[in-house]
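The structure under discussion appears below in the form of structure tokens.
The values are calculated or read from the model by the stated rules, or taken from the named source; none is laboratory data. All of these numbers come straight from a predicted model, not from anything done at the bench. Neighbour counts are summed over all protein chains in view; Cβ atoms, including those assigned to glycine, are modelled from backbone coordinates with ideal geometry.
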Amino acid sequence: MTALSTVANPRPIPWLTFILLTACFFIALHDPLRSASIQADYLPSGDTLEKHASEGNVKRQIGFLGAGLFGVVVLALGKRNNLQMNGALASLVLFFLIWMLLSVTWADDRALSARRLVVIATLCSGALAIACTLTPREIMLFLLFSSFVYLLSGVVSEIALSTFTPAAERYRFAGTLHPNNQGVNCSLIVLAAMTAAQFEKRGKAMYVGCAGFAFLFLMLTKSRTSLLAFLVTFAVYAFLVYGKSRRFLYVSVLGITALLFVLLVESDLVAPTLERGLLMGRTDQDISGTMSLTGRLPLWQNLLEYAEAKPFLGYGYGSFFTLEHIREISDRQGWPIAECHSVFLEVLLGLGLVGMLSYTVVQFIGMGRAFQYFRATQDPHFAFLGGLLLLGVVGGLSESTLLVPTMQTFVQFVTLAYFGFVAAPEMVQERARVRDRRRFSAPALYALAPVRRDLR
């Protein structure tokens, strides 16, 4: 069975891999007491930020090192696909990683930069191992399994700590994560579960139930960034997978027409409704705070002043938020800050314009490769992988996802590693020629098992 295989003749699910990596990321990223220890404004204390900047987070280091060790063992001993350089994507990924590594030579705080580079190295190791041992379908199932375990753990922890109070005025569901990160976790579940519900042979009702359950808690996180990123991603995914369906087109046109009608005819009622929707029931800020992206716009203006001082090389990966900068920026903005709240600005400060441009191009080439493969094969798992990158790009506009790695960071690495070093374009082109000859649609994928067996 190959890395390009899909639902036809699936091999046994690698549960051991799923469980080991889920445990590693739980250790690194999750805190069962999070909902009890988090502050009312859901911000970490300044002392905590300074401690992590100076000493690191031991729990995070243990979890990530476990994931990295898993990757090393799998790459050295496991059965895997042969690695190869797949065009410009592979070259750009390597360039970005080398540039990131070299940045320690000009970093303001070399020890801090080196420590954070070790974390990235462990993520890359684990991601490459997953990309060259699991199929796209298995990557989807792994993500669904791990993210759902994290969601259930969060629900159980809040119930046990008596912090699960959805009716409370300022409540946001956090579970074992910050509400914004929990929103991303729920988004991953919904996207994976909806894909599985449509294309897995068994358990369709279970997958639909998982998607509905996760979407409910996505709303309870009241994370606007996560919700927007999910809606954009799901819209693109639905257009790709169902765009040729007349029913989908009819429903889309009807929905857009109804929306335009409401905007034109009931404009007086739309504004307050839109305001309530933007606030998502949160009472910790008004609409002006929302329009400033919860303080992000003033923060970004401040950070761009620092970026202008070192525009081409930056301050070194992970080296900008030293204790001095944390205190300066936190005092100026009036809230504890140790990240950029934008992955693109984060890369700009750490790696300069060279790093930011290469990072951006890598993301969009990866998305293009995923959607190209989907068009060639009509395999929905490729659309799903492209959706993971899109989710990261949209969410990354207002969240840091590289300096403070999350599960979303890891799955982006997995997807880029898969398309850059595993799934050869010429193999997909062969499947496209088969599709053109047979003019198959999505259900006819089951007839392609002989072709898939030749792609490894």
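Per-residue answers, yes or no, for (1) in contact with a Gly (Cβ under 9 Å, 6 or more places away or on another chain); (2) modelled with pLDDT of 80 or more; (3) of a type in the set (S, T, Y):
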| residue | (1), (2), (3) |
| --- | --- |
| L218 | yes, yes, no |
| L231 | no, yes, no |
| L249 | yes, no, no |
| V253 | no, no, no |
| L259 | no, no, no |
| D268 | no, no, no |
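Just name the residue that is farthest from the chain's Cα centre (by Cα) out of those in region 288-303 that are surrounded by 14 or more Cβ atoms within 10 Å (Cβ to Cβ) and at pLDDT 85 or above. Top of the filtered list is N302.
Considering F145, F64, the condition of being under 19 Å from the mean Cα position of the chain (by Cα), within 21 Å of T22 (Cβ to Cβ), touching a residue at least 24 places away in the same chain (Cβ under 8 Å) and surrounded by fewer than 20 Cβ atoms within 10 Å (Cβ to Cβ) is satisfied by F145 alone. T176 passes every criterion in (1) assigned to a helix (DSSP H, G or I); (2) under 25 Å from L403 (Cα atoms) apart from (1). So, in region 191-209, exactly how many residues are over 14 Å from H381 (Cα atoms) and assigned to a helix (DSSP H, G or I)? Final tally of qualifying residues: 6.
Per the conditions (1) under 22 Å from the mean Cα position of the chain (by Cα); (2) under 26 Å from F26 (Cβ atoms); (3) loosely packed, with under 15 Cβ neighbours inside 10 Å, the sole criterion not satisfied by G203 is (1). Selection over region 220-229 of residues that are modelled with pLDDT of 90 or more, surrounded by 23 or more Cβ atoms within 10 Å (Cβ to Cβ) and either closer than 22 Å to F164 by Cβ or polar (S, T, N, Q) (or both) gives a count of 1.
Within region 1-118, considering only helices (runs of 4 or more DSSP H) that don't extend past its boundaries, which have at least 1 residues that are modelled with pLDDT under 90 and of a type in the set (V, I, T)?
46-55, 58-77
If the condition is being in contact (Cβ under 8 Å) with a residue 60 or more places away in the chain and out of contact with any helix residue (DSSP H, G or I) (no Cβ under 8 Å at 6 or more places or on another chain), then region 327-362 contributes only W335.
Here A114, A131, A76, A174 are screened, and the one residue that is of a type in the set (G, A, S), more than 24 Å from R224 (Cα to Cα) and surrounded by 17 or more Cβ atoms within 10 Å (Cβ to Cβ) is A131.
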